[in-house]
Amino acid sequence: MDMTFFRNLPKAELHLHIEGTLEPELMFALAERNGIKLPYEDTEAIRRAYQFSNLQSFLDIYYAGAGVLQTSRDFYDLTWAYLERCKEDNVVHTEIFFDPQTHTDRGIAFETVLEGIDGALADARKKLGITSHLILSFLRHLPEESAFETLEAALPHKDRFIGVGLDSSEAGFPPEMFERVFEKARKAGLIPVAHAGEEGPPAYIHQALDLLKVARIDHGVRASEDPALMARLIKERMPLTVCPFSNVKLKVFERLADHNILSMLDAGACVTVNSDDPAYFGGYMNANFEGLARELNMTEAQARRLAANSFEASFLPEVEKRAWM
Ligand code: ES4
Ligand code: ZN
């Protein structure tokens with residue numbers, strides 16, 4: 001295919017951690033602005049440290065990096081930089097995860113985080129024509145109690161985020177541990193999603209569907225190990241927000257050429273392309289599409305279907321979805 005075909009396709013991003021868009025240059029600038037000493041000499045040293053053996057080895061560095069984010073302005077600058085990248089990649093709609101516990105556990109108020117991110121999203125609607133939703137994600141390596149406290153702190157602001165998610169270390173932290181807090185979130189009108197089947201087994205995807213009652217599965221690539229589960233996902237058109245570069249960087253697949261995204265697409269699954277933590281994994285939306293074209297010989301028809309799926313799987317109103325598909 002023409003390697004620029006997908007660049008001009010309008011796309012939605014549905015799996016993006018705002019803390020994972022912190023580029024080394026901004027990390028240094030914010031460290032300086034906030035009087036923080038980083039354990040790296042320069043941005044090159046930071047980039048050299050981004051060699052991961054699994055999810056946990058990444059998370060350790062990702063949570064440490066987020067320590068430079070202190071003020072609303074920091075969160076605004078972080079979010080605005082990502083939205084400018086969306087503009088370049090023709091990402092016209094984005095649904096962004098934020099991890100409040102990463103910040104409230106270091107004494108940053110929930111409102112400080114929300115104010116900064118939401119301010120940039122509002123400006124992007126006006127100045128860049130990019131629409132967006134926020135999804136509050138619970139850290140599953142922390143106790144249920146902490147997730148409940150986070151939900152309590154967030155509910156007064158629930159008009160400013162559309163759903164709740166579940167992320168961080170997967171193995172040993174099954175969705176069933178968060179059944180009660182998800183029930184409370186759903187009763188408050190929030191849409192549930194969860195990371196499942198990234199490193200964890202297909203059983204975690206079943207739990208996310210049956211216990212958390214999710215509207216989308218984040219990652220979900222290990223569903224292909226369970227044919228009955230695959231059949232269910234296809235029949236229900238349950239979206240999987242797949243992150244190709246992330247999966248290679250975190251050794252879920254050894255090489256992009258081994259990735260199962262296009263075989264799941266061809267089997268009829270509602271899979272989408274996403275960048276997850278682009279500052280850490282080597283590229284934003286179009287870089288992920290380009291990787292699929294280069295390493296998996298993605299066709300124009302497949303690229304078009306992936307882009308259409310991204311709107312189908314989004315939380316946009318039906319009429320707005322249709323207008324982009
Ligand atoms: C994450 Cl790739 C991934 N998996 C689970 N939790 C996360 N938080 C940020 N990126
Ligand atoms: Zn993720």
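Just to be sure before I move on: is residue 132 at pLDDT 95 or above, buried (at least 16 other Cβ atoms within 10 Å of the Cβ) and within 16 Å of ligand 1 (Cβ to nearest atom) in the structure I sent? In short, no. Could you list, in sequence order, the residues of the stretch 195-234 that are among the charged types (D, E, K, R) and away from ligand 1 (no atom under 16 Å from the Cβ)? Once the filter is applied, which keeps residues that are among the charged types (D, E, K, R) and away from ligand 1 (no atom under 16 Å from the Cβ), the stretch 195-234 yields 210, 213, 225, 226, 232.
On inspection, residue 58 does not qualify as on the phi < 0 side of the Ramachandran plot, within 16 Å of ligand 2 (Cβ to nearest atom), outside any helix (DSSP H, G or I) and among the aromatic types (Phe, Trp, Tyr).
Of 65, 119, all but one fail to be surrounded by fewer than 18 Cβ atoms within 10 Å (Cβ to Cβ) and either within 21 Å of residue 190 (Cα to Cα) or in contact with a helix residue (DSSP H, G or I) (Cβ under 9 Å, 6 or more places away or on another chain) (or both); the exception is 119.
Restricting attention to the stretch 16-33, the residues being touching a residue at least 12 places away in the same chain (Cβ under 8 Å), more than 16 Å from ligand 1 (Cβ to nearest atom) and of a type in the set (D, E, K, R) number 2.
Given 92, 164, which one is in contact (Cβ under 8 Å) with a residue 60 or more places away in the chain and more than 23 Å from residue 27 (Cβ to Cβ)? So that I can check it myself, show each step before the final result.
Values: 164 fails: in contact (Cβ under 8 Å) with a residue 60 or more places away in the chain.
None of the other options fit; the residue is 92.
Assessment of the stretch 175-186 against the conditions (in a loop (DSSP other than H, G, I, E, B), at pLDDT 95 or above and either more than 16 Å from ligand 2 (Cβ to nearest atom) or out of contact with any helix residue (DSSP H, G or I) (no Cβ under 8 Å at 6 or more places or on another chain) (or both)) yields no matching residue. Of the residues in the stretch 44-58, at least one is surrounded by fewer than 19 Cβ atoms within 10 Å (Cβ to Cβ) and of a type in the set (Lys, Arg). The residues of the stretch 97-116 that are within 13 Å of residue 76 (Cβ to Cβ) and surrounded by 21 or more Cβ atoms within 10 Å (Cβ to Cβ), listed by number, are 98, 113, 114, 116.
Look at residue 224 and say whether it is more than 16 Å from ligand 2 (Cβ to nearest atom), of a type in the set (S, T, N, Q) and modelled with pLDDT of 95 or more. Taking the combined requirement at face value, the residue satisfies it.
Could you tell me which of the residues 203, 196, 188, 228 is in contact with a strand residue (DSSP E or B) (Cβ under 7 Å, 6 or more places away or on another chain) and among the small types (Gly, Ala, Ser)? Before the answer, list the steps.
Details: 203 fails: in contact with a strand residue (DSSP E or B) (Cβ under 7 Å, 6 or more places away or on another chain); 188 fails: in contact with a strand residue (DSSP E or B) (Cβ under 7 Å, 6 or more places away or on another chain); 228 fails: in contact with a strand residue (DSSP E or B) (Cβ under 7 Å, 6 or more places away or on another chain).
Criteria check complete, one pass: 196.
The values are calculated or read from the model by the stated rules, or taken from the named source; none is laboratory data. Only a predicted model underlies this, so the values are computations on that prediction, with no experimental measurement involved. Note: ideal-geometry Cβ built from the backbone for every residue, glycine included; neighbour counts use all protein chains shown.
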